[in-house]
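Asks: Questions regarding the structure given below will be posed in turn.
None of the figures in this text is laboratory data; all of them are computed from the coordinates on show. As the structure is a prediction and not an experimental result, all values here were calculated from the model. No Cβ is skipped: glycine too gets one built from the backbone with ideal geometry, and neighbour counts run over all protein chains shown.
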Amino acid sequence: MKQLLSGQNIIKSYGVGEEKHRVLNGVSVTIGSGEFVSIMGPSGSGKSTLLYALSGMDGIDGGEVSFEGRKLSGLSDDALSDLRRSRMGFVFQQPALLKNLNLLDNIMLPQMRDRRRNVRQLNQKARDLMEQMGIGNLAERDITQASGGQLQRAGICRALMSEPEIVFGDEPTGALNTKTAKEIMELFTKINRDGIAILLVTHDPNIAARTERVLFLCDGEIVDECRLSKFTKWDFDNRVGEITKRMQKIGI
Ligand SMILES: Nc1ncnc2c1ncn2[C@@H]1O[C@H](COP(=O)(O)OP(=O)(O)OP(=O)(O)O)[C@@H](O)[C@H]1O
């Protein structure tokens, strides 16, 4: 499998002076093209920090992150923003959509900065994605009149607008009920089958069990890793059981 994203020996601290504390303590991670990976760990272990470091959203204090063989530290701020906008997608726990725009406009907005794409193409792309994500009839819907699941589907459409190589998700199902969370994970699975790599942070073994590989982070270090591809896709309970066992081992 071709390597897509690599973080080597990532170090990240927050605060200054006596308040300074190290959150990532030499973390190394490699994500292959089209892989589906989740990160688990206790609250405060540095999961989101790692996600933001790997996506270049946040700077790091030591180590190196490379995407498609390019070191992020060698890129200017503009080049890094361009890379994030064109090659990476982001889905957050709350999709942070703008209240004065309908769902369609919210989905199109981040790509409007890219002058290479005309508005008609963007509009068509957004409508196609909404159709694929099951909200094709909600293009003109005000965001205040959409459910949490519909908003998250719109958040996923927004992330896919640039046809990214990877989608990062920071607890993308964390604010949803079990049924809706399962539906959203089915969408992620579909996206992944189309060849897009996915890296998710989650607390929930039922969510991690739908990915191919789980990284366990504890006190800023990767302490375990679980490859799930050895299980067939049918034995979901085995996957959850294996993840839960590993969680217990590291005290989550
Ligand atoms: N911007 C920041 N400034 C200062 N400290 C921060 C900042 N962001 C995170 N932290 C601290 O870094 C540590 C790791 O935070 P992070 O959000 O990465 O953990 P997490 O594993 O994702 O936690 P959770 O599961 O609770 O979301 C925590 O102690 C947190 O308080």
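Asks: Name the pairs: first residue in region 31-50 and of a type in the set (Phe, Trp, Tyr), second residue surrounded by 22 or more Cβ atoms within 10 Å (Cβ to Cβ), Cβ to Cβ under 6 Å, at least 6 apart or on different chains?
Replies: Partner pairs satisfying both residue conditions: 36/198; 36/211.
Asks: Just to be sure I understand, how many residues within region 231-245 are surrounded by fewer than 19 Cβ atoms within 10 Å (Cβ to Cβ), in contact (Cβ under 8 Å) with a residue 12 or more places away in the chain and not β-branched (Val, Ile, Thr)? Don't jump to the end; show me each part of the working.
Replies: At the first step, the residues of region 231-245 found to be surrounded by fewer than 19 Cβ atoms within 10 Å (Cβ to Cβ) are 231-238, 240-241, 244-245.
Now drop any that are not in contact (Cβ under 8 Å) with a residue 12 or more places away in the chain, which leaves 236, 240, 244.
Those still in the list that are not β-branched (Val, Ile, Thr) too: 236.
The qualifying residues number 1.
Asks: Would you call residue 228 buried (at least 18 other Cβ atoms within 10 Å of the Cβ), in contact with a Lys or Arg (Cβ under 9 Å, 6 or more places away or on another chain), free of Cβ contacts under 8 Å to residues at least 60 places away in the same chain and over 29 Å from residue 125 (Cα atoms)?
Replies: For residue 228, the condition - buried (at least 18 other Cβ atoms within 10 Å of the Cβ), in contact with a Lys or Arg (Cβ under 9 Å, 6 or more places away or on another chain), free of Cβ contacts under 8 Å to residues at least 60 places away in the same chain and over 29 Å from residue 125 (Cα atoms) - is met.
Asks: Looking only at region 114-124, count every residue that is in contact with a helix residue (DSSP H, G or I) (Cβ under 8 Å, 6 or more places away or on another chain) and either outside any helix (DSSP H, G or I) or surrounded by 13 or more Cβ atoms within 10 Å (Cβ to Cβ) (or both) and tell me the total.
Replies: Residues in region 114-124 being in contact with a helix residue (DSSP H, G or I) (Cβ under 8 Å, 6 or more places away or on another chain) and either outside any helix (DSSP H, G or I) or surrounded by 13 or more Cβ atoms within 10 Å (Cβ to Cβ) (or both): 4 in total.
Asks: Here's a check for you: in region 19-52, which residue that is β-branched (Val, Ile, Thr) and within 9 Å of the ligand (Cβ to nearest atom) is surrounded by the most Cβ atoms within 10 Å (Cβ to Cβ)?
Replies: Residues of region 19-52 β-branched (Val, Ile, Thr): 23, 27, 29-31, 37, 39, 49.
Filter once more, keeping what is within 9 Å of the ligand (Cβ to nearest atom): 23, 39, 49.
Details: 23: 22, 39: 26, 49: 22.
This residue is 39.
Asks: Follow-up question, since we're still on this one. Counting only residues that are within 14 Å of the chain's Cα centre (by Cα) and closer than 16 Å to residue 164 by Cβ, which one in region 53-84 is surrounded by the most Cβ atoms within 10 Å (Cβ to Cβ)? Give the steps one after another, and end with the answer.
Replies: Of the residues in region 53-84, the ones within 14 Å of the chain's Cα centre (by Cα) are 53-57, 84.
Cutting the leftovers down to closer than 16 Å to residue 164 by Cβ gives us 54-57, 84.
Numbers: 54: 25, 55: 23, 56: 19, 57: 15, 84: 20.
Per the stated criteria, the residue is 54.
Asks: Quick check on my filter: what residues within region 140-182 are closer than 30 Å to residue 45 by Cβ and surrounded by fewer than 18 Cβ atoms within 10 Å (Cβ to Cβ)?
Replies: Within region 140-182, 148, 174, 175, 177, 178, 179, 180, 182 meet the criteria.
Asks: Residues 80, 104: which one is over 23 Å from residue 191 (Cα atoms) and either of a type in the set (S, T, N, Q) or in a helix (DSSP H, G or I) (or both)? I'd like the intermediate steps shown before the answer.
Replies: Details: 104 fails: over 23 Å from residue 191 (Cα atoms).
Within the list 80, 104, the selection yields 80.
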